[in-house]
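Participant: Input: one structure, supplied below.
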Amino acid sequence: MNRVSGRILGGVLVPDTPLVQRALDYARRECESYLFNHVIRSWLFAARIGQLRNIDHDAEVVALATLLHDITLNERFNGPRRFEVEGADLARIFAQQGGVDERRAQLIWDSVALNSTPSIGLYKEAEVALCTAGICLDVIGLQYELVPAAEIARIIEEFPRLKMKRRMTRCFCHIAEARPETTYDNFVRDFGERYVSGYRAPSSVDLMSNAPFEG
């Protein structure tokens with residue numbers, strides 16, 4: 001792990017730098033309370049997994065990526081691209097304006113863009129994999145066993161879930177209604193198919209069959 005000043009949050013040692021504090025302030029402004037708590041928990045889970053598994057990583061990159069990964073997840077979202085990509089662009093701009101170099105800024109972009117795609121994110125650089133792990137642990141319980149139950153309980157006590165499942169579902173359904181074309185190749189498709197009347201995603205089979213080539 002890179003050596004930066006730290007503090008204890010939710011029982012977890014996390015970096016405490018001016019840029020991390022600005023990211024916290026930015027997330028607090030942009031996110032509803034339940035979503036702000038989610039990004040904090042995701043950060044803490046990511047950081048703790050890195051510590052428990054002794055994974056060398058850039059702690060400030062993980063902090064920025066987890067804190068900013070959902071700044072476009074709201075019922076105002078209007079695309080034009082999938083919300084993770086829109087958020088990744090904003091997170092990269094924020095990082096670059098804070099003096100982050102291109103390599104680290106790209107890690108932040110990848111972490112945000114792939115935060116809901118563990119089949120890819122978990123196999124990329126340590127920072128991307130840790131962000132993916134922390135976020136997916138908080139949303140769907142992926143790799144729940146990696147963090148001791150007592151530590152998870154403490155984090156949730158300090159940063160309550162505030163009916164996150166129900167409120168996230170509303171956001172995903174809004175995206176499926178307002179910008180269905182951004183959902184066809186990602187998990188929001190599942191919410192559209194289950195909850196949104198008239199939602200219909202094209203089939204990849206049809207797309208390939210109808211490609212403008214012979215054979």
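The values are calculated or read from the model by the stated rules, or taken from the named source; none is laboratory data. Fair warning: this is a prediction, and the values are worked out from it, not measured in the lab. Glycine gets a Cβ as well: all are built from the backbone with ideal geometry, and neighbour counts include every protein chain shown.
Participant: For residues in the stretch 63-84 being modelled with pLDDT of 95 or more and in contact with a Phe, Trp or Tyr (Cβ under 7 Å, 6 or more places away or on another chain), which is nearest to ASN186 (Cα to Cα)?
Facilitator: Only one residue fits best here, namely PHE83.
Participant: How many residues are farther than 23 Å from ASN74 by Cβ and among the hydrophobic types (A, V, I, L, M, F, W, C) if we restrict to the stretch 5-34?
Facilitator: 6
Participant: Determine whether the stretch 19-29 contains at least one residue that is closer than 18 Å to ALA129 by Cα and within 17 Å of the chain's Cα centre (by Cα).
Facilitator: No, that holds for no residue.
Participant: A further question follows. Output the residue which, of all residues in the stretch 115-169 that are part of a helix (DSSP H, G or I), basic (Lys, Arg) and in contact (Cβ under 8 Å) with a residue 40 or more places away in the chain, is surrounded by the most Cβ atoms within 10 Å (Cβ to Cβ).
Facilitator: Ranking the candidates gives ARG167 first.
Participant: For GLY87, are the conditions met, namely being modelled with pLDDT under 95 and under 14 Å from ASN186 (Cβ atoms)?
Facilitator: Here the answer is no, as GLY87 does not meet what is asked.
Participant: Which of the residues belonging to the stretch 25-59 are touching a Phe, Trp or Tyr at 6+ places or on another chain (Cβ under 9 Å), of a type outside the set (Lys, Arg) and surrounded by fewer than 21 Cβ atoms within 10 Å (Cβ to Cβ)?
Facilitator: TYR26, GLU30, PHE36, ASN37
Participant: On to the next question. Take ASP206 and decide whether it is without any contact (Cβ under 8 Å) to a residue 12 or more places away in the chain, under 29 Å from ILE108 (Cβ atoms) and more than 17 Å from the chain's Cα centre (by Cα).
Facilitator: Criteria not met by ASP206.
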